[in-house]
Amino acid sequence: MSGLVDVHSHFVTPEYVEAGIAAGIANPDGMPGWPTWTADGHLSLMDRWGVTTSMLSISSPGTHFGDDDTARKLTRHVNDVGAELRLRRPDRFGHFASLPLPDVDGALEELARALDELGSDGVAIETNTHGVYLGDARYAPLWTELNRRKAVVFVHPTSPPHAEEISLGRPRPMLEFLFDSARAASDLVFTGVLVSHPDIQWIFTHGAGVLPLVAERMQMMSAVLGSGTTAPSVPEQLSRLWFDMAGTPFPHQVPALDRAFGTERLLYGTDYCWTPPPGVDRQLASIDQAPQPGGTTWRELTTRNSARLFPRLTGSA
């Protein structure tokens, strides 16, 4: 493995897009519309960007549009497609399986199928699903099973409740995604999920969003919430998460992440196909032109970190 590992890489299928539109989601998260995607086109772009392997996942708005049975069927469909791509080209594609949350029984069933039968590299969930955040007690059986498996959990941001009212008519990925990642991470902290399930490998996106700016404030407020004496501290818990650098990593996001949590768990991500190729071109240019970490490069650093998280990519699994 010599090139980049893209842990934040999306795909869609015609059936998935049709299901979203049928559910009334013509402009997901306030975006102009749905992207298009093909495996061949993705591979061509990977070669252009120097990406060896892309971990494919379904982005927001996920696969649960209101009905449990329909969500289970749609989840199985996208997971079958993603896993088949991984099986066909394991050197180029990985796969994070979708789960039909907030349907916990359906999620546990699909988790077992994805990891035991399909060979997925982990699972992808959203920061909230229909307003249910990750610290909700009903999710406890899912975290117990993921912890037992030492699974990778890719946490993708989505629109928060009442997004239409607070986003002022602008696309939610611009601001709300960054805040909802922090909201979800804080919920995992203050409900004790991160401490009680230490073997889950959580990946949060976009350079940790606003977490580098609010981690110390969360620590200060922990006394008000009655957890001020609990060890480890909030910043210590957050530093055990993994983060990708999708979006606008330089000049400010990655330096802020480094100061707050270090870069030992920093990963690379494009956010393609929701981020168009020119956007990824600009992101990579900013990474390559930024001051590089001592004795290495951002490309090399993130690739080494990915090898620790995904040993199969180096043949050492």
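Each value in this text was obtained by applying a stated rule to the coordinates, not by laboratory testing. These numbers were taken from a predicted model, which means no experiment stands behind them. Ideal geometry is used to build each Cβ from the backbone, glycine not excepted, and the neighbour counts take in all protein chains shown.
Could you let me know the centre-to-centre spacing of the range 94-125 and the range 162-215, using Cα atoms, in angstrom? Comparing the Cα centres of the range 94-125 and the range 162-215, I get a distance of 21 Å. Once backbone amide H atoms are built at 1.01 Å from N, residue 55 has 6, 7, 8, 9, 94 as its partners under 5 Å, excluding neighbours fewer than 5 places away on the same chain.
For the range 30-99, the fraction of C-alpha pairs farther apart than 17 angstrom is 50 percent.
Note on residue 304 and residue 44: with the Förster distance fixed at 22 Å, the Cβ-Cβ geometry gives a FRET efficiency of about 0.25. Across the chain, the mean sequence separation of Cα contacts (distance under 8 Å, 6 or more residues apart), normalised by length, yields a relative contact order of 19 percent.
Estimated from helices alone, the mean residue ellipticity of the chain at 222 nm is -12500 deg cm²/dmol (sum of -39500 (n - 2.57) over DSSP H runs with n ≥ 4, per residue).
Overall dimensions of the chain, expressed as equivalent-ellipsoid semi-axes from the Cα gyration tensor (√(5λ), whole Å, largest first), are 26, 25, 20.
Assign one of three labels to the range 62-130, namely rounded, prolate or oblate, based on the Cα gyration tensor with a ≥ b ≥ c the square roots of its eigenvalues; rounded applies when a/c is under 1.5, prolate when it is not and a/b is larger than b/c, and oblate otherwise. Taking the square roots of the gyration eigenvalues as a ≥ b ≥ c, the range 62-130 is prolate.
Rounded, prolate or oblate, given the Cα gyration tensor of the range 128-259, with a/c below 1.5 counting as rounded? Rounded, since a/c falls under 1.5. In this rough spin-label picture, where each label sits 7 Å from Cα along the Cβ direction, the residue 147-residue 36 distance is 4.6 nm.
By the count of neighbouring beta-carbon atoms within 10 Å, fewest first, 58, 21 end up ordered 21, 58. Centre-to-centre, using Cα atoms only, the range 230-303 and the range 46-75 are separated by 22 Å.
For residue 265, the shell of other residues with beta-carbons less than 14 Å away shows a net charge of -1, using +1 for Lys and Arg and -1 for Asp and Glu.
At an R0 of 30 angstrom, the distance between the Cβ atoms of residue 84 and residue 137 translates into a FRET efficiency of 0.25.
Among the DSSP helices (H) of the chain, those spanning at least 20 angstrom by Cα along their long axis with an average Kyte-Doolittle hydropathy of 0.5 or more are 176-190; this is a geometric and hydropathy rule only.
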